[in-house]
Each structure stands twice: as C-alpha cells, then as structure tokens.
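One structure is given here, and the rest of the page talks about it.
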Amino acid sequence: MFYPEVSGFRLTNMAAVRLLLLFFISLSLSPLSLSVLNSIPNDMALLELKQSFTNATALDSWKQGTDPCDRNEGWAGVICFNGVITNLNLANFGLAGEFDVDSLNDMGSIRIISLENNSFTGPMPDFSHLGSLRAIYLSRNQFSGEIPSDFFSNLRSLKKIWLSGNKFSGKIPESIGKIPHLIELHLNYNEFSGPIPSMEQPSLTSFDLSHNKLEGEIPSSLSRFSADSFKENPGLCGEKVGQDCDKKELLSPSENKPEESENSSNAKWVILGLVVAVLLLTLAFKTKRKEDNFNMLGKENLDEVVQVHIPSTNRRSMSASQKGNNDSTRSRSSRRGFHHAKSSGGSDLVVMNEEKGIFGLPDLMKAAAEVLGNGGLGSAYKAMMANGVSVVVKRLREMNKLSNDTFDSEMRRLGRLKHRNILTPLAYHYRKEEKLLVSSYVPKGSLLYILHGDRGISHAELNWQTRLKIIQGVARGMGFLHSEFASYELPHGNLKSSNVLLDSNYEPLLNDYAFHPLINNTQSVQSLFAFKSPEAILYQQLSPKSDVFCFGIIVLELLTGKFPSQYLNNQKGGTDVVQWVRSAISEKRESELIDPEIAAATDSIEQMEKTLHIGAACTESDHDKRIDMKEAIRRVEEIKA
C-alpha cells in the first residue's frame with residue numbers, strides 16, 4: 001500500500017488520513033473553522049494511542065468527537081496549555097500493552113510523558129520525534145531490551161529521565177551524557193551492563209544507577225554522588241564502592257584458582273577490618289577534618305552514617321576516677337543548662353527553648369546521625385536521639401573570634417524569635433574552636449530539593465496554589481526578620497531555596513539567617529548568597545535590599561521551575577533567571593516562562609505573570625530602583641491563587 005511521504009518520513013495510515021482530511025476541508029472552511037479543527041488531530045492521535053493499550057478502562061473519558069483540552073470533557077491524564085496538549089500523565093492507570101509512541105509523532109507540543117507504575121511491555125518507546133520533551137517517567141513497568149547508543153541524540157531538551165524498575169539491558173546509551181541540561185537520571189533496578197558513560201553535566205543533581213550489572217571504574221565526574229547511587233553493581237570499582245580498580249584487575253585472573261581466590265578473600269576481610277578500625281578511631285578522636293564541598297542540589301548526602309562526635313573541651317588524659325567525676329559533673333551541669341540556659345564553662349549544651357523537650361550534650365553524643373552536607377559555614381548532621389526526637393546539628397566553624405558572652409547573647413536572641421515562617425534554633429554549644437547550633441529537623445526538606453530533585457513529590461502537590469503559598473510565606477518570614485534585625489546590614493544574608501525548609505503542609509521555614517555580623521572569615525562571609533547581588537559584586541555594597549534580590553531569585557525559581565545559575569559559584573549551568581525573565585518581559589512573552597507543570601492552571605496565568613513581575617522588580621540590577629522588602633510583601637499579598 002502506498003503512503004504519502006513528508007520530509008523523508010513515511011506517514012502511518014492514520015496520519016495520512018488526518019493529513020488528507022485537513023487538506024480537503026481547509027479548501028472550503030474559513031480561518032475560524034480551521035482553528036476549531038486544530039483539536040481534531042489531538043483527538044484522533046490519542047484515540048489511536050489508546051487502541052494500543054490493553055485494560056484501558058481508566059481512559060473511558062477519552063471519547064471521539066470531544067476535545068481533550070476542554071475541561072468540561074475531562075480527558076483523564078491529559079494536561080493542556082492554551083488549547084495545546086503539553087503533558088500526558090498516565091501514571092498508576094493500570095494500563096498494559098505496548099506504548100504506540102508513533103501515534104504521538106505529530107504532537108510536538110508534548111513536554112512531559114509519565115507512564116509510571118503500569119504494566120507496559122516491549123522496547124523503549126522511540127520518543128525521537130518529540131524533540132520538545134522535558135521529562136520521561138517510565139518507572140515500574142515491564143519495558144525491556146537494549147536502548148540504542150544514540151537514542152537521546154534528538155532529545156536535547158530533556159531534563160528528567162526515570163526508567164527505574166524495568167528490564168532494560170545492554171549498555172547505558174552514550175547519548176545520555178550529551179543531554180546538555182539533564183537534572184535527574186534514574187536507571188536503577190534494571191539490567192544495564194558494561195561501563196558507565198561519561199556524564200559531565202553540572203546540572204545533574206538527582207542520580208541513581210544502583211541495582212544493575214554495571215562494570216568498570218566510576219567516572220570522576222560522578223564522584224559527587226553518594227555510594228547509594230552505585231550500590232549492587234558488583235562489577236563497579238572506585239572509591240565510592242570501596243573497590244580499588246587496580247586490585248580488581250589483578251585479582252580477576254584468580255577466579256579459576258580456588259585456593260588463591262580464598263586467600264584473596266581473606267586478605268580483603270583483613271584489609272576491610274583495618275579500614276573500619278581506622279575510621280572508628282578517626283571518628284572518635286579527630287576534632288578537625290577537611291570538609292568536602294557541599295552539593296547544593298542535594299537534599300541530604302546520606303553517603304555515610306556516623307556516630308555524632310562532639311569533642312570534649314578537655315582533651316587531656318585522665319584517670320578513671322577523674323573521668324567518672326567529670327562525667328557526673330557534665331551531666332548535672334547539662335540539666336542546669338536546660339533550666340537556666342546558662343553555659344557551664346563552655347562544656348554544656350545551652351537550650352534556648354524546650355520545644356523538643358529536655359536533652360543534653362550526652363544525648364547528642366550518643367545519637368546515631370546522618371550527614372546532611374557541608375556548606376560554607378560548616379557541616380550539618382541529622383541526629384536521632386534515644387527519645388525518638390530528630391534534630392539537626394550544625395557545626396559553625398567560622399565564628400571562632402566570638403567570645404562566649406557575645407555568642408551567647410546572639411544565640412539567645414535567635415532563640416527568642418517566634419514566627420510561623422522562621423525556624424527557631426533549639427540549643428547551642430560553645431567551644432573556642434567550634435560552635436554547634438541545634439535546630440528541629442524538618443522532614444520534607446528544602447525547597448531546592450523538592451523543586452529540582454525529588455520525584456517523590458507529585459506535580460499535583462507542587463501546584464500553583466502551593467507555590468504561591470511558599471512565596472507568600474517566605475515574604476512574611478523575611479518581613480519579620482527585617483523588622484527584628486532592622487539595624488543589620490543583612491537581616492537574613494543567606495536566603496536561597498536550599499535554606500527554605502518546608503513542613504508537612506508546605507509552609508516555608510527560613511533557616512541560616514542573621515549570621516552575617518557573626519562570621520569572622522572574609523572568604524566564608526562572601527559565600528553568603530546576598531553577596532551575589534549586583535551591588536555586592538560590582539561595588540562591594542550591601543544593604544537590606546540585597547536580601548530583596550535573594551527573595552526575587554526564589555520567586556523566579558518557583559515561577560519558572562528553572563535552577564538559577566546564580567546559585568553556582570562559576571554560574572556554569574542552570575539558567576540566568578534574572579536576564580531570562582527581563583528579556584521575556586520586554587518582549588511581552590511572560591507566559592512562555594511559566595513552568596509547564598503549573599501552566600495548565602490557565603485561569604491563574606494572569607496571577608502568575610503578576611508574580612513574575614514582582615520577582616523582576618526584586619531582582620532589578622539598579623539598587624536604587626529595586627523595591628524594598630516592605631513593598632515586595634505588599635505586592636505579594638495582593639496575589640490571589
């Protein structure tokens with residue numbers, strides 16, 4: 001049978017019928033009639049797609065002759081923007097069969113396809129004709145077979161790829177490493193084999209290759225990811241998986257020699273025992289260690305579980321009786337610290353409020369902890385105490401010139417803060433070399449991680465109403481800080497999405513604030529995000545309006561869904577949201593900037609664009625023209641979801 005060819009591609013029978021139908025009808029219809037017919041291809045394409053499914057009862061709302069983008073028609077899983085289909089979300093629909101991606105070849109407007117948790121089979125669907133795709137979610141299906149090496153060559157707009165829990169095999173496609181702005185890649189629980197291809201994307205922040213059959217050395221460009229990202233791949237070697245690549249090559253020929261293999265195995269256990277012993281001694285006695293750079297995009301680097309080690313101020317050796325007396329004294333002084341909030345010679349934990357109950361330094365020293373990350377001001381741990389309470393312990397190493405009295409005064413001031421959008425610290429510990437600040441643990445994590453990294457958060461949860469709630473909450477918290485610390489050059493100083501924590505109801509809690517006057521290290525103080533404001537970069541000038549610039553970045557980040565390049569020290573990666581938004585506003589194309597995941601709320605587009613303008617006003621490069629925090633709050637409060 002003959003099929004017409006267009007641009008070298010042969011059309012399917014259905015596609016040919018659609019093309020001929022539109023051609024002949026267009027000869028006799030007015031332009032207005034043609035605009036109505038634009039929905040017909042969407043209708044026919046999706047119905048053709050549905051025909052390839054088995055057990056498609058969940059798609060009974062897909063009916064011929066109705067418009068998929070008409071809200072009154074209610075096509076399940078179809079999301080549109082301005083009458084054009086942008087998202088196809090068929091997750092958890094109980095669908096099976098092979099996904100006939102060819103039926104979507106004429107729908108280049110699709111940005112997101114989610115088929116998660118169904119029973120689709122067959123090879124990887126060929127999405128190459130959908131060059132505008134931003135995200136592919138195929139996890140927990142029965143897809144299988146090899147994926148061609150050049151599969152992703154025409155999908156350079158992709159940012160998120162989730163293929164977890166399928167039966168894909170063969171090598172990981174080399175073309176994945178050439179997707180320029182890839183943010184999330186999850187290939188875990190498959191049967192991929194061979195080496196890991198080079199992946200140099202600085203934008204890559206959520207990554208998992210665990211539970212496959214991969215082999216060879218882990219590329220150095222991926223060393224920033226935790227060991228969990230590579231576990232259960234017996235053939236991998238490198239520091240992350242505790243397997244020396246050189247030794248692995250030397251030992252491999254002994255596989256056919258049982259005696260040598262057994263000796264090698266015993267030697268490995270001896271070496272492993274020595275390594276563990278050294279690590280335990282290091283954790284027990286070492287008071288200072290070099291910290292790795294904090295991976296800004298991660299919620300928690302859970303690559304190690306350690307016992308929280310908070311060194312005693314007295315490092316001298318002591319007899320058993322002296323040690324017992326000191327332990328008893330420390331325990332009693334700890335209790336006094338709770339009730340009187342008074343430090344006992346710098347060896348106690350001073351509790352500023354009892355929101356999480358009574359606990360002391362010994363409780364923290366015994367708590368199992370997870371490393372959350374290392375930032376410009378120090379490292380942070382999540383500590384689970386014996387009473388079930390979880391707290392975050394932050395080690396502040398850049399305030400060493402502060403006297404005990406000065407530090408005590410400032411921490412007490414922070415401990416008295418009461419606002420629904422401020423995370424108030426619980427306690428502190430003072431040592432000359434290092435200070436500890438204890439705060440409540442917020443389970444949902446940071447806005448940065450939830451917005452850019454956590455696929456556990458459904459798009460329905462992070463909708464426009466939720467994002468506006470976050471913006472307004474951050475604004476109110478900033479207003480409170482600018483009132484409480486009105487005399488400070490930077491009332492917050494380090495506002496960015498990684499320092500905005502979200503509670504279970506998505507209420508934002510501001511963290512890491514009011515530290516600017518306390519930091520004695522010039523390099524460390526310049527790591528505060530307020531130093532990324534234009535006036536700080538160009539003229540070394542700072543003011544409360546530098547905080548406003550930081551607030552504006554968060555507004556633009558939430559509206560566009562883009563990761564701001566301003567968060568990166570070299571700005572290589574991410575999106576310059578300030579310049580991007582400024583250009584779009586000057587060209588009257590604000591709607592194009594809205595994150596597709598919230599753009600479907602077409603009745604709120606006007607409010608989104610107003611909020612976008614607020615973000616632009618907050619990030620005005622001219623310090624004098626930039627609005628202040630009070631005006632920013634007033635404008636934000638006027639926005640209604």
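The values are calculated or read from the model by the stated rules, or taken from the named source; none is laboratory data. Model, not experiment: these values are computed from the prediction. Glycine also receives a Cβ, built like all others from the backbone with ideal geometry; neighbour counts cover every protein chain displayed.
Only one residue in Asp100, Asp106, Asp67, Asp126 is under 21 Å from Ile598 (Cα atoms) and charged (D, E, K, R), so which one is that?
Values: Asp100 fails: under 21 Å from Ile598 (Cα atoms); Asp106 fails: under 21 Å from Ile598 (Cα atoms); Asp126 fails: under 21 Å from Ile598 (Cα atoms).
After applying the criteria, what remains is Asp67.
Return a yes/no flag: does the range 119-141 have any residue that is assigned by TED's automatic domain parsing to the domain that holds Gly235, touching a residue at least 12 places away in the same chain (Cβ under 8 Å), among the aliphatic types (A, V, I, L, M) and under 28 Å from Gly238 (Cα atoms). Spell out the reasoning first.
Of all residues in the range 119-141, those assigned by TED's automatic domain parsing to the domain that holds Gly235 come to 119-141.
Pick out the ones that are also touching a residue at least 12 places away in the same chain (Cβ under 8 Å) and you get 119-141.
Within this subset, residues satisfying the condition of being among the aliphatic types (A, V, I, L, M) are 124, 130, 133, 135-136, 138.
Then keep just the ones that are under 28 Å from Gly238 (Cα atoms); that gives none.
Among the residues of the range 119-141, not one is assigned by TED's automatic domain parsing to the domain that holds Gly235, touching a residue at least 12 places away in the same chain (Cβ under 8 Å), among the aliphatic types (A, V, I, L, M) and under 28 Å from Gly238 (Cα atoms), which makes the answer no.
Please go through the range 589-641 and give me each residue that is modelled with pLDDT under 95 and small (Gly, Ala, Ser), ordered by number.
Ser591, Ala599, Ala600, Ala601, Ser604, Ser621, Ala641, listed by residue number.
Of the residues Val548, Val474, only one is among the β-branched types (Val, Ile, Thr), outside the structural domain of Gly415 (by TED's automatic domain parsing) and touching a Lys or Arg at 6+ places or on another chain (Cβ under 8 Å); which?
Details: Val474 fails: touching a Lys or Arg at 6+ places or on another chain (Cβ under 8 Å).
The match here is Val548.
Scan the helices (runs of 4 or more DSSP H) fully inside the range 592-641 and keep the ones with 2 or more residues being in contact with a Ser or Thr (Cβ under 9 Å, 6 or more places away or on another chain) and aromatic (Phe, Trp, Tyr). Reasoning before the result, please.
On the way: elements: 596-599, 605-618, 629-638.
Counting at least 2 such residues, we get no helices (runs of 4 or more DSSP H) at all.
Quick grid of which residues meet (1) among the β-branched types (Val, Ile, Thr); (2) modelled with pLDDT of 90 or more; (3) crowded, with 20+ Cβ neighbours inside 10 Å:
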site	(1), (2), (3)
His129	no, no, no
Leu138	no, yes, yes
Ser144	no, yes, no
Pro148	no, yes, no
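Residues of the range 403-414 being of a type outside the set (A, V, I, L, M, F, W, C) and surrounded by 18 or more Cβ atoms within 10 Å (Cβ to Cβ), which ones?
Quick first cut of the range 403-414, residues of a type outside the set (A, V, I, L, M, F, W, C) only: 403-406, 408-410, 412-413.
Answer for the range 403-414, where residues must be of a type outside the set (A, V, I, L, M, F, W, C) and surrounded by 18 or more Cβ atoms within 10 Å (Cβ to Cβ): just Asp408.
Identify, please: which residue in the range 568-587 is part of a helix (DSSP H, G or I) and crowded, with 20+ Cβ neighbours inside 10 Å and is, among those, farthest from the chain's Cα centre (by Cα)?
Step one: of the range 568-587, the residues part of a helix (DSSP H, G or I) are 577-586.
Subsequent filtering for residues that are crowded, with 20+ Cβ neighbours inside 10 Å retains 577-578, 581.
Working: Val577: 17, Val578: 20, Val581: 22 Å.
Residue satisfying both the conditions and the ranking: Val581.
Among the numbered criteria (1) in contact (Cβ under 8 Å) with a residue 24 or more places away in the chain; (2) out of contact with any Asp or Glu (no Cβ under 9 Å at 6 or more places or on another chain), which one does His419 miss?
All conditions pass for His419, except number (2).
Within the range 585-592, can one find any residue that is within 30 Å of Leu396 (Cβ to Cβ) and either free of Cβ contacts under 8 Å to residues at least 40 places away in the same chain or outside the structural domain of Leu462 (by TED's automatic domain parsing) (or both)?
Within the range 585-592, the subset within 30 Å of Leu396 (Cβ to Cβ) is none.
Among the residues of the range 585-592, not one is within 30 Å of Leu396 (Cβ to Cβ) and either free of Cβ contacts under 8 Å to residues at least 40 places away in the same chain or outside the structural domain of Leu462 (by TED's automatic domain parsing) (or both), which makes the answer no.
So, of the residues in the range 230-263 that are modelled with pLDDT of 80 or more and touching a Phe, Trp or Tyr at 6+ places or on another chain (Cβ under 6 Å), which turns out to be surrounded by the most Cβ atoms within 10 Å (Cβ to Cβ)?
Filtering the range 230-263 for residues modelled with pLDDT of 80 or more gives 230-239, 241-245.
Subset that is touching a Phe, Trp or Tyr at 6+ places or on another chain (Cβ under 6 Å): 236, 241.
On the way: Leu236: 24, Val241: 18.
Here the residue is Leu236.
Could you say whether any residue in the range 504-511 is small (Gly, Ala, Ser) and closer than 22 Å to Ile627 by Cβ?
Of all residues in the range 504-511, those small (Gly, Ala, Ser) come to 504.
Going one step further and asking which of them are closer than 22 Å to Ile627 by Cβ, we end up with none.
No, the range 504-511 has no match at all.
Of all residues in the range 478-500, which are buried (at least 24 other Cβ atoms within 10 Å of the Cβ), over 21 Å from the mean Cα position of the chain (by Cα) and over 16 Å from Arg635 (Cβ atoms)?
Leu481, Leu490, Pro491, His492, Gly493
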